[in-house]
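*Asks:* Would you mind keeping the following structure in view while I ask a few things?
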Amino acid sequence: MLIKLAWRNIWRNKKRSLITITAIVIAVFLAICMRSLQLGMYDNMIKNVVGSYSGHVQIHSNGYWEEQTIDNAFLYNDSLIKIIENNTNVEHTTKRIQSGCLSSFDDLSKFVFVNGIEPQKEQLMTNWNKRLMEGELLTPNSSSINIGKGIAKYYNIKVGDTLIFVGQGYHGMQAVGAFPVCGILDMKNPNLNNVSVFMSLSTAQDFLSANDLMTHLIINKKEYTDEESIVSSLSENFKEEYEIMTWQEMMPEIEQVIQADSAGGLVMIFILYMIITFGIFGTVLMMTQERKYEFGVVVSIGMRKIKLMIAMVYETIFLTSIGVLSGIILSRPLVLYFYNNPLEFPAEQAEMIENQGFEAVIPFMSSYDIPITHGLIIFFISLFISIYPVITIYNLNPVKAMKR
């Protein structure tokens, strides 16, 4: 009965109710679109920089991050891999071994990082096919190498030429070898292009005299899951033996850029919510003041104040719910469209952005967390505003109300 009464009451003044609902729709629509755009941009940035090479979580031997040498490599452990891959938030893992070496070709030399990788597992994380500029990619048993385009440009090297490497292997062993170049890669990052050499894991381990050893165990998470939950669950078993680091710890500068930019977006959304809060409050204020005589009458003939309070709360919730649901329904097709068809930068800006190591597109984030979060925020705002009519009815004097 109270629900039916509340529903009829909000349509007694249709224009006012429609204006309030429209304001809520616009606020929810803009908030969802703004946040989807912003979070989509961050997600794409993380995929470019983190998901495409470094991984979301890395495991090293204790002390490796402070002193990144081949001597701090650790032994492959089947039980470690099994426990990690059984974690419901983990998409897949891949092993790497990395060491610095001096490379040489003709009369030139250059310092590079030799990376031993598992080509098939790396393909799950990095789309190597898109990054291959010339030649062919590594295979699991390949004895040749892939190099970044910066190295190829420095040496003026072509596919089929041979690079010589001199470095230090595991526990002081000499690491010397000559490897033919089978492919040239564009890593979409100038720094990586200038120093990256890739070998198959077995070839790199043999070159560095580090059989069955690795320096990095890369963990890629499932989409929209939290890295911290992976770290906390693994730390219970492995914290004493290994250091487990999220990309935020390894690359704090990216996290700081995201936090700074996100703060500006949240300020804009806060202003939007302030406007809609006063809009809803104005409607509730007018509804309450205009109906004081009515409240006095119904209380005088025996209606309990508590029921009247509940009816007013229902009215506020109905107004808000209609606006929130309409805003979510209207925003969803737009978000999904730009999720599947990302916004593209103009050609000049695109080239500049790609040179910095980022893909020149901005996809929207299609996570349901965004509309649910903003819908609930508006819902709780309406509950807070409904305190006003509740207090007004609680303090109502029926005689004074009917004299109005």
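*Asks:* Among the numbered conditions (1) closer than 25 Å to F384 by Cβ; (2) not in a helix (DSSP H, G or I), tell me where M365 comes up short.
*Replies:* (1)
*Asks:* A further question on this structure: Could you pull out the residue among I280, I275 that is out of contact with any strand residue (DSSP E or B) (no Cβ under 7 Å at 6 or more places or on another chain), of a type outside the set (G, A, S), part of a helix (DSSP H, G or I) and surrounded by 15 or more Cβ atoms within 10 Å (Cβ to Cβ)?
*Replies:* It is I280.
*Asks:* Still on this structure, please answer the following. Please pick out the residue among I147, I184, I151, I164 that is in a strand (DSSP E or B) and in contact with a helix residue (DSSP H, G or I) (Cβ under 7 Å, 6 or more places away or on another chain).
*Replies:* I184 is the lone residue from the list that is in a strand (DSSP E or B) and in contact with a helix residue (DSSP H, G or I) (Cβ under 7 Å, 6 or more places away or on another chain).
*Asks:* Within the range 90-108, does at least one residue satisfy the condition of being of a type in the set (V, I, T), closer than 15 Å to S202 by Cα, modelled with pLDDT under 90 and under 32 Å from the mean Cα position of the chain (by Cα)?
*Replies:* Yes, some residue in the range 90-108 is of a type in the set (V, I, T), closer than 15 Å to S202 by Cα, modelled with pLDDT under 90 and under 32 Å from the mean Cα position of the chain (by Cα).
*Asks:* Are any residues in the range 106-132 in contact with a Ser or Thr (Cβ under 8 Å, 6 or more places away or on another chain), part of a strand (DSSP E or B) and surrounded by fewer than 19 Cβ atoms within 10 Å (Cβ to Cβ), and if so, which ones?
*Replies:* Of everything in the range 106-132, those that are in contact with a Ser or Thr (Cβ under 8 Å, 6 or more places away or on another chain), part of a strand (DSSP E or B) and surrounded by fewer than 19 Cβ atoms within 10 Å (Cβ to Cβ) turn out to be S109, K110, F111, F113.
*Asks:* Give just the number: which of (1) free of Cβ contacts under 8 Å to residues at least 40 places away in the same chain; (2) of a type in the set (A, V, I, L, M); (3) assigned to a helix (DSSP H, G or I); (4) surrounded by 13 or more Cβ atoms within 10 Å (Cβ to Cβ) does V324 not satisfy?
*Replies:* Of (1) free of Cβ contacts under 8 Å to residues at least 40 places away in the same chain; (2) of a type in the set (A, V, I, L, M); (3) assigned to a helix (DSSP H, G or I); (4) surrounded by 13 or more Cβ atoms within 10 Å (Cβ to Cβ), only one is false for V324: (1).
*Asks:* Among the residues of the range 298-310, count how many are buried (at least 16 other Cβ atoms within 10 Å of the Cβ) and either not β-branched (V, I, T) or not assigned by TED's automatic domain parsing to the domain that holds G40 (or both).
*Replies:* Going through the range 298-310 one residue at a time, the tally reaches 3.
*Asks:* What residue, of A73, A152, is touching a strand residue (DSSP E or B) at 6+ places or on another chain (Cβ under 6 Å) and under 30 Å from T225 (Cα atoms)?
*Replies:* A73
*Asks:* Working only within the range 17-71, note down all residues that are more than 28 Å from L334 (Cβ to Cβ), more than 16 Å from the chain's Cα centre (by Cα) and touching a residue at least 24 places away in the same chain (Cβ under 8 Å). Please lay out each step first, then the result.
*Replies:* Going through the range 17-71, the residues more than 28 Å from L334 (Cβ to Cβ) turn out to be 53-71.
Of the ones still in play, those that are also more than 16 Å from the chain's Cα centre (by Cα) are 58-71.
Answer for the range 17-71, where residues must be more than 28 Å from L334 (Cβ to Cβ), more than 16 Å from the chain's Cα centre (by Cα) and touching a residue at least 24 places away in the same chain (Cβ under 8 Å): Q58, I59, H60, S61, N62, G63, Y64, W65, Q68, T69, I70, D71.
*Asks:* Could you check how many residues of the range 1-49 are buried (at least 17 other Cβ atoms within 10 Å of the Cβ) and within 30 Å of E255 (Cβ to Cβ)?
*Replies:* 22
*Asks:* Let me ask another. With respect to G296, is the statement that it is assigned to a helix (DSSP H, G or I), within 48 Å of the chain's Cα centre (by Cα) and either within 16 Å of I391 (Cβ to Cβ) or not aliphatic (A, V, I, L, M) (or both) true?
*Replies:* Spelling it out, it is not the case that G296 is assigned to a helix (DSSP H, G or I), within 48 Å of the chain's Cα centre (by Cα) and either within 16 Å of I391 (Cβ to Cβ) or not aliphatic (A, V, I, L, M) (or both).
Listed here are the residues, each with its yes/no results for (1) assigned to a helix (DSSP H, G or I); (2) of a type in the set (G, A, S); (3) at pLDDT 85 or above.
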{"residue": "S36", "(1), (2), (3)": "yes, yes, yes"}
{"residue": "Y42", "(1), (2), (3)": "yes, no, no"}
{"residue": "I59", "(1), (2), (3)": "no, no, yes"}
{"residue": "E67", "(1), (2), (3)": "no, no, yes"}
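*Asks:* So if I check each of V313, V267, which one is among the β-branched types (V, I, T) and surrounded by 13 or more Cβ atoms within 10 Å (Cβ to Cβ)?
*Replies:* Working: V267 fails: surrounded by 13 or more Cβ atoms within 10 Å (Cβ to Cβ).
Going through V313, V267 in turn, the sole match is V313.
*Asks:* Suppose the filter is more than 30 Å from A311 (Cβ to Cβ) and charged (D, E, K, R); does K14 pass it?
*Replies:* Here the answer is no, as K14 does not meet what is asked.
*Asks:* Considering S262, S229, S235, which residue is of a type outside the set (A, V, I, L, M, F, W, C) and in contact with a strand residue (DSSP E or B) (Cβ under 8 Å, 6 or more places away or on another chain)?
*Replies:* S235
*Asks:* Still on this model: Take Q289 and decide whether it is of a type outside the set (K, R), at pLDDT 80 or above, assigned to a helix (DSSP H, G or I) and within 28 Å of T69 (Cβ to Cβ).
*Replies:* The answer is no for Q289.
*Asks:* Only one of these conditions is not met by L138: (1) assigned to a helix (DSSP H, G or I); (2) closer than 29 Å to Y76 by Cβ. Which number is it?
*Replies:* Only one criterion in (1) assigned to a helix (DSSP H, G or I); (2) closer than 29 Å to Y76 by Cβ is unmet by L138, namely (1).
*Asks:* Working carefully through the options I329, I370, I391, find the one that is assigned by TED's automatic domain parsing to the domain that holds I10, under 23 Å from T20 (Cα atoms) and buried (at least 17 other Cβ atoms within 10 Å of the Cβ).
*Replies:* When all the criteria are applied, what remains is I370.
The values are calculated or read from the model by the stated rules, or taken from the named source; none is laboratory data. The structure displayed is predicted, hence computed values, not measured ones. Cβ atoms come from the backbone with ideal geometry, glycine included; neighbour counts cover every protein chain shown.
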